[in-house]
Amino acid sequence: MSSPAPPLVYRVLLRLASFLCPAPLRTAWRKQWQSGLHDWWILAERGELTNEAAALAARYCRGAWADALELRFRRDQILHALRGPWCPIFAALLIIGSTGVLSRGFQVIRRVADLVLNARPLPVTLRPHIHYDPRGDVVAAYLAPLALAVLIAVMLLVFNRLPVPQSGWRYWTHLLLKTMSIQTALTVLWFEGGSTLRSVLRPEALRVLGGGLVLAIVFVAGFGAATRWCITDQRRRCPVCLRLLDMPVSVGSWGSVFEPATTELLCAGGHGSLSLSERDNTGPDRWTTLDASWRELFDTAAPFQSD
Ligand SMILES: [Zn+2]
């Protein structure tokens, strides 16, 4: 007599959980958990488990989901993804997308763009009654801080010690994409979020000073800080795979002229090592390429390395 199959709902739950498992482990994982469920159910059918069989099977399926989740989102895999080149760009795009949804299609940005692109003088019939056109103020309140922020960012990009000179076009494209996406995220947050903030601030003085002036200063400062962060982040990336470098080791000392303070970093993919100068006047960062024979060593040490 064949043993009874566990109820469909538990089998479906296990099958769904198996899709969370990384593909190479999926078949073995599914077999192992399905066989466990089968054993449970044989005991339940024999009456060796009391009337709690359903609750126990449900708990078993919950355990399977937790196990599959852990396999899929292991700590080292999460860290691996966070150090990848796309993480900051993806986070910025997520902020832009959610701001777009929450602001119903960037209403404030579209209004300001419309004022800039379709600026026309007041109709002649209105001029005797209206002596002052506030539309210019609205445009200036948004565009002046934005122009100042962009100017500061450009100066930071030009005058900051930019990373390894031998880096290729992928490296510079990544820096550009990352900087622009983060700057755009901050700008849309300021336009749309600032307008929402001002709409809930009731006292006039608080609205103008807090929601207007202070927020504009915070925006300009945040824009500059974000640009600086992008440059610092890029300095610590591998020019080959664009991942953040690992295993920092401090060498030298701040007081020494012959051996100045530097941080040595290593690419987890085995592409090379970077000597990062900690002082401004000690020359550019130095990248040393490791030959292919090193890569095997790193591959065995980092099983989730994709490059
Ligand atoms: Zn690398």
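Each reported figure results from applying straightforward, stated rules to the coordinates on display, with no laboratory input. Computed from a prediction, not measured in an experiment: that's the story for all the values here. Cβ placement follows ideal geometry from the backbone for every residue including glycine, while neighbour counts extend to all protein chains displayed.
Show me 104-114, 232-242, 213-223 ranked by packing, highest mean number of other Cβ atoms within 10 Å first. Present the calculation step by step, with values, prior to reporting the outcome.
Working: 104-114: 14.1, 232-242: 20.2, 213-223: 16.1.
By packing density, highest mean first, the sequence is 232-242, 213-223, 104-114.
Using the Cα centre as the reference, give the magnitude of the dipole from point charges on the C-beta atoms of the range 150-245 (Lys, Arg: +1; Asp, Glu: -1; all else neutral), rounded to the nearest 20 debye. Mind dumping the intermediate values first?
Working: 11 positive and 3 negative charges, 74 e Å.
With Lys and Arg at +1 and Asp and Glu at -1, about 360 debye.
Going by C-beta contacts inside 10 Å, put Ser167, Ser199 in order with the fewest on the left.
Numbers: Ser167 19, Ser199 10.
Final ranking by Cβ density, sparse to dense: Ser199, Ser167.
Would you mind ranking Trp86, Trp40 by Cβ crowding within 10 Å, fewest neighbours first? Show your work: numbers first, answer last.
Working: Trp86 13, Trp40 18.
Exposure proxy ranking, most exposed first: Trp86, Trp40.
Compute the separation of the alpha-carbon centres of the range 1-71 and the range 193-251 and state it in Å as a whole number.
48 Å
Among Cys61, Cys230, rank each residue by its count of other Cβ atoms within 10 Å, from fewest to most, as a rough exposure measure. Show your work: numbers first, answer last.
Working: Cys61 21, Cys230 25.
Listing Cys61, Cys230 from fewest to most nearby Cβ atoms yields Cys61, Cys230.
Rounded if a/c is under 1.5, else prolate if a/b is larger than b/c, else oblate: which is the range 81-235, with a ≥ b ≥ c the root eigenvalues of its Cα gyration tensor?
Values: a/c = 2.29, a/b = 2.03, b/c = 1.13.
Prolate is the answer for the range 81-235, as a/c is 1.5 or above and a/b outweighs b/c.
Label-point separation (nm) for Ala113 and Leu148, each offset 7 Å from Cα along Cα-to-Cβ?
My value for the distance between the label points is 2.5 nm.
Using the Cα gyration tensor of the range 8-73, with a ≥ b ≥ c the square roots of its eigenvalues, what is the shape: rounded (a/c below 1.5), prolate (a/b larger than b/c) or oblate (neither)? Please report the intermediate quantities before stating the final value.
Values: a/c = 2.81, a/b = 2.12, b/c = 1.33.
Prolate.
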